Amino acid sequence: FKFTINVTSRVLEPQEMNLCLPLVNKTKKALVIDDNITCRQTIEDLLVEWGFVVRSAASLEEALAFIKDKESFDIVIAEQTPSDISGVHLKEELCNASGRLDVAFILLVIRTKRDQIIKKDGEILQVVLKPVRHSILYDTLTTILKQLQGKSLSSPADGVQLKKRQTLPPMNILIV
C-alpha cells in the first residue's frame, strides 16, 4: 500500500528536547555496574545528562577496584547478577570496601527476582525493573536525592530546582 502524509516542519527549542531536567550540578558521583555494555552506556549517558559525575564498571571486581583507589560514590546503580539472588551481597561488599553505609543503591532486577530483595531498616535501596525506563530511573533518582537531603522536592537540590517533567500527550507508536 501507499500513502501520503502532509506535515509541517518544527524545530524544537532546547528546553523542549530535554524532558528531564538536571537533578544535580556535578555534585553527586554515581557508579553504574552492568555487564551489558549497551545498558551500562545508556544509563551512564542519562546520568551525565541529569548532572551526575559517572564511573561505570562491567563487574563487581572492577567496581571494587575503583573503591580501593579511594573513589567515593553517592549512588550506585547495579544489575542484580544471577549468582546474587538477594542483591544484598553486592551492596554489602561495596559498602564494606568503601567504609560508607550511607551510599544510596539502585538495584536493576528482572521481574521474577524483585520480591527476593531484602531491605534493612533505614537503608536507601531502590529496585528498578529491567529493561530500565528512563522516566522510572529519573523518578527513582529524585526520590533518592530527596531521602539523602531530607528536603521536599520543591526545594533546590544542589543548586538546581527540581521541577515536574513535562508530560507528553498520549501516543501510539509502531516500530517495524
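Looking only at segment 141-161, which residues are at pLDDT below 50 and among the basic types (Lys, Arg)? So that I can check it myself, show each step before the final result.
Keep residues of segment 141-161 that are at pLDDT below 50, which gives 151-161.
Result: Lys151, single match.
The C-beta contact set for segment 20-34 (first residue over 13 Å from Glu71 (Cα atoms), second residue assigned to a strand (DSSP E or B), distance under 6 angstrom, 6+ apart or interchain) comprises Pro22/Val160; Asn25/Val160; Lys26/Val53; Val32/Ser56; Val32/Ile77; Ile33/Ala57; Ile33/Ala78; Asp34/Glu79.
Here's the yes/no breakdown for (1) at pLDDT below 85; (2) out of contact with any Pro (no Cβ under 9 Å at 6 or more places or on another chain); (3) assigned to a loop (DSSP other than H, G, I, E, B):
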| site | (1), (2), (3) |
| --- | --- |
| Phe105 | no, yes, no |
| Lys120 | yes, yes, yes |
| Val128 | no, yes, no |
| Pro131 | no, yes, yes |
| Asp139 | no, yes, no |
| Asn172 | yes, yes, yes |
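Of everything in segment 57-81 that is open to solvent by 30 Å² or more (accessible area, probe 1.4 Å) and not charged (D, E, K, R), the residue that is modelled with the lowest pLDDT is Thr81. Taken together, the residues in segment 82-103 that are at pLDDT below 80, open to solvent by 100 Å² or more (accessible area, probe 1.4 Å) and within 19 Å of Ile67 (Cα to Cα) amount to 1.
The values are calculated or read from the model by the stated rules, or taken from the named source; none is laboratory data. From a predicted model like this one, the values you see are computed outputs, not experimental measurements. Every residue, glycine as well, gets a Cβ built from its backbone with ideal geometry; the counts of neighbours run over all protein chains shown. Surface accessibility is based on the protein's heavy atoms, side chains included, excluding ligands, DNA and RNA. Shrake-Rupley method; radii C 1.70, N 1.55, O 1.52, S 1.80 Å.
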